[in-house]
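Bear in mind that the values in this text are calculations on the coordinates, not laboratory data. Just so we're clear, the structure is a prediction, and the values are computed from it rather than from any experiment. Don't worry about glycine lacking a Cβ; one is built from the backbone with ideal geometry, like all the others, and counts go over all protein chains shown.
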Amino acid sequence: MLMKTDDTSLALAAAGGDGAAFATLIERQYDRLFRLCFRLTGSQAEAEDLTQDICAALPAKLQSYKGEAAFTTWAYRLCVNAAHDRRRRAATHAKAASGWGDWEVNRRAAEAETEEAIDWLTTAMRSLPDDLRDTLALVLDDMTHAQASDILGVPEGTISWRISQAKKHLAALRQEETQ
Amino acid sequence: MSDDLDDLKSLMSGATPPPDPARRAENITLAQKNFADLQGSRDGARLTSDRPKTGLVSGVRNMLNTLTSRAGLTASTAIVAVGLVMLSPLGDRVLPQSPDAPYAPAELRKPVEMSEPVVEAPVIVEHTAPMVTMEMASDNMLGAPAPSSRAKMSAPAASGLVMEPPVILPEADTEAFANADTNPVNITTESPVSTFSIDVDTASYSVIRNSLTNGQLPPKDAVRVEEMINYFPYDYTAPQGDAAFSPTVSITQTPWNPDTQLLQIGIQGALPDLADRPPLNLVFLIDTSGSMEQPNKLPLLKQSFRLMLGQLRPEDQVAIVTYAGSAGQVLAPTAASERATILNALNNLGAGGSTAGQAGLQQAYATAAAMANKGDVNRVILATDGDFNVGLNDPEALKDYIADKRDSGTYLSVLGFGRGNLDDATMQALAQNGNGQAAYIDTLSEAQKVLVDQLSGALFPIADDVKIQVEFNPSTVSEYRLIGYETRALNREDFNNDKVDAGDIGAGHQVTAIYEVTPKGSPAERNSPLRYGSAETSAASTGENDELAFLRLRYKAPGDASSQLIETAITTSDVGNASFAAAIAGFGQLLRDGTYTGDWSYADAIALATRTKGDDPFGYRTEAIQLMRLAESLSQN
């Protein structure tokens, strides 16, 4: 019962082998991590899988957690890295099965159009390059530019630049839509 | 443009699905399984946590941040000086090169501590401290700490060679803590009576927690053992009937000395029915000086008070007075039911300016006096980082002012925020003289504990001027020592003098005092018997032989001028079990100096605390054990 301890202390306790602290921590953080995973991937199924990756790796990663960054910042960094890994794997996989992949992609696209399921949000997020999307996902999750720069490991100026690029993208998209 | 971003944000919030409960449970189970597997593959002794290893640069930075300003100056001077030698044309010949020296930031502290403070230190530091230099310096310091004095001498001459300086200086640290020397061992035949005022403050524990979680051992003077012990709730019997409180006494084996015993005196305050509590008039006196701007100060304060507001009743009244440069009333007395008005006023507070503590206090007391109605409880709640830098700076004069006001029926509680210039001494002086409680709030959880869970105790006094006097029986006890309460000692004659102020107990408060007593004839006696002074004293002949001591408690009902007396004998049959309080008492003494704890170590404290943790519904004790582990690791540096 560690209900009243902050996440960073809990994480430090868990890093030191405290099982109860780890249980509390993961229980408390799961929804938040899932939310970010969804924003990074854009699909519920992908997000569930990504969160699973993170859950599986978290105990081992946590051993190197030293409390230098707030736990949330640290965990978000973990999420972003896990999302990158996943994309890289997906890209390799797609290349290996490219013939079938094209067919599958076309089939899905057709299906999607008929469903009218693609809303502005999905279009907008999908139209963005990976780095802009990651940055936007963090900023939309109420991270400051400084925190996002910390998580992504790029200068704060880059974050601001990416956000303005993303805004340009969105504005262009909006214009296309209204025309 | 930003419209798109806002749109996107609201769309995103709407579109984010809740996690699938089945997958959630599955994933969490997976995480816990992996966690458990990982633990199994390690060594058995997981109670000690390793000292965190940090990168070299951040290690140096952390070190500078945690040193006091004086030591920090010395440290950075030494590092820079060595670095300068390395950069100077002759430097690489002055010091032996050891490019393969492994990174080991912990080792850095040793050479740093060895070097003496240098008079011209500030000058050098202002000019030079580039990171590059520091890295080179630390590499080589491992190999050659000795020539640093020579290096220092060459530093000023070489300073022209150094690049533009990103100066890393620790923030000036102006903390002051109230404490006194550790209580000595008393010989029963010479001074059989021990008198002190109770203390319900818990600030010291929070300060210690804050230090430890920041990776440094707390300053010794910040450790007040009684406040650490009183931080935790214990299982004492509640008083019966109309009694304001009841004492619980137990005698246990001393964990750190097999030949002595611990006498634990616990006092449980009555918890009156809160349904018909009198209305409260609260004046929040908030420090909005420039130093309060940090996130763990004013913003945390606002959140804390918001938590507390939920505990108030519609008939309660709240006013807000701020002080920064000049004092001002921000919120006129407002009924607690007007939540929006109060929250608004709270949210609009901003930090800036210097601190006119005295003017603020005067205005707060004036506001409280205007709000007072018959039967109400009036309290000023001062929230500050302790920086009283304008007007009256003398804690003594401030004390007198508050003591004056105390007699008018308005109580004062003090909440400390933030570190760096926490003036613990002033805060203690204010709260002790204002008949209130001093708490230190470092996290929102602590705010929850002090302002929500234990609010009734903090706000409703049930007994004023509670004094404890213990008379030991020289025929059974040869020596005794009171653990903690150094700042609360009273003269023997003050016990019966109702004019002498002492601490108060609030509704449901608990107070614990622990004596280490040496039974007559025990090998643990620290004083040898006198050759010429061993005449039988009268007390020895009259005392019952199974009586260890006689406990007297004096208290006043709130508002009364004369005190009531509770007396009870403590006999050798009052044997209890080893307690968590004993573990905390030991922990506190280790942090303080460990004069009386012998070979007993943090590991023993952890073992005892883990064994006696018991039911820990709020996790306070678990947290304490974690702190002990941190202290153990830190003390090995």
Exercise. For B:ALA340 and B:ALA370, what is the calculated FRET efficiency with R₀ set at 22 Å and r taken between the beta-carbons, to the nearest 0.05?
Worked result: 0.45
Seminar exercise, completed: Long-range amide H partners of B:ALA549, meaning residues 5 or more apart or on another chain whose placed amide H is closer than 5 Å, are B:ASN473, B:ILE570
Exercise. Relative to the present Cα-Cα distance, how much length would full extension add between B:ASP615 and B:GLU315 at 0.36 nm per residue of separation?
Worked result: 104.4 nm
Exercise. When the chain is fully extended, how far beyond the present Cα-Cα distance does B:ALA15 get from B:LYS220, taking 0.36 nm per residue of separation?
Worked result: 68.4 nm
Problem set entry | For B:SER246, residues with placed amide H under 5 Å, excluding near neighbours | B:GLN268
Seminar exercise, completed: Averaging 1/r across every pair of distinct alpha carbons in segment A:21-87 and inverting yields a Kirkwood hydrodynamic radius, in angstrom, of 12.0 Å
For this session: Note the direction-averaged projected area, equal to a quarter of the hull surface, for the Cα convex hull of segment B:256-380, in nm².
Result: 11.6 nm²
Problem set entry | Stokes-Einstein D (µm²/s) once Rh is taken as the Kirkwood radius of segment B:483-637 over alpha-carbon pairs, at 10 °C in 1.306 mPa s | 82 µm²/s
Seminar exercise, completed: If R0 = 51 Å, then B:ASP37 and B:ALA403, at their Cβ-Cβ distance, give a FRET efficiency to the nearest 0.05 of 0.25
For this session: Mind sorting B:GLU315, B:GLU547, B:GLU227 by how few other Cβ atoms lie within 10 Å of their own Cβ, fewest first?
Result: B:GLU315, B:GLU547, B:GLU227
Exercise. Which distance in nm do the two modelled labels at B:ALA561 and B:GLU293 give, with both placed 7 Å along the Cα-to-Cβ direction?
Worked result: 5.1 nm
For this session: Along Cα→Cβ, 7 Å out, is where each label goes; now give me the distance between the ones at B:ASP273 and A:VAL154 in nm to one decimal.
Result: 6.6 nm
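Could you work out the mean count of beta carbons from other protein chains within 10 Å of each residue's beta carbon in B:435-448?
Values: counts 0, 0, 0, 0, 0, 0, 0, 1, 5, 2, 6, 2, 0, 2.
Mean partner shielding for this stretch: 1.
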Exercise. Once fully extended, how much extra length lies between B:LEU307 and B:LEU5, figured as 0.36 nm per residue of separation less the alpha-carbon to alpha-carbon distance?
Worked result: 105.5 nm
For this session: Once you have a ≥ b ≥ c as the square roots of the Cα gyration tensor eigenvalues for segment B:280-459, tell me rounded if a/c is under 1.5, and otherwise prolate or oblate according to whether a/b is larger than b/c.
Result: rounded
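Can you tell me which of B:552-564, A:15-27 comes out highest on packing, and rank the rest after it, using the mean Cβ neighbours within 10 Å?
Numbers: B:552-564: 16.2, A:15-27: 20.4.
Highest mean packing first, the order is A:15-27, B:552-564.
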For this session: Partner chain Cβ atoms within 10 Å, averaged over the residues of B:625-631 - can you pull that number for me?
Result: 3
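Which FRET efficiency value, to the nearest 0.05, is calculated for B:THR237 and B:ALA578 with the Förster distance at 30 angstrom and r the Cβ-Cβ distance? Intermediate values should be presented prior to the final figure.
Numbers: r = 19 Å, r/R0 = 0.62.
The value I calculate is 0.95.
Other chains near A:9-16: what is the mean number of their Cβ atoms within 10 Å of each residue's Cβ?
5
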Exercise. Along segment B:573-583, what does the Karplus equation 6.51 cos²θ - 1.76 cosθ + 1.60 (θ = phi - 60°) give for ³J(HN,Hα), rounded to whole Hz, x for Gly and Pro?
Worked result: 8, 7, 7, x, 8, 3, 10, 4, 4, 5, 4
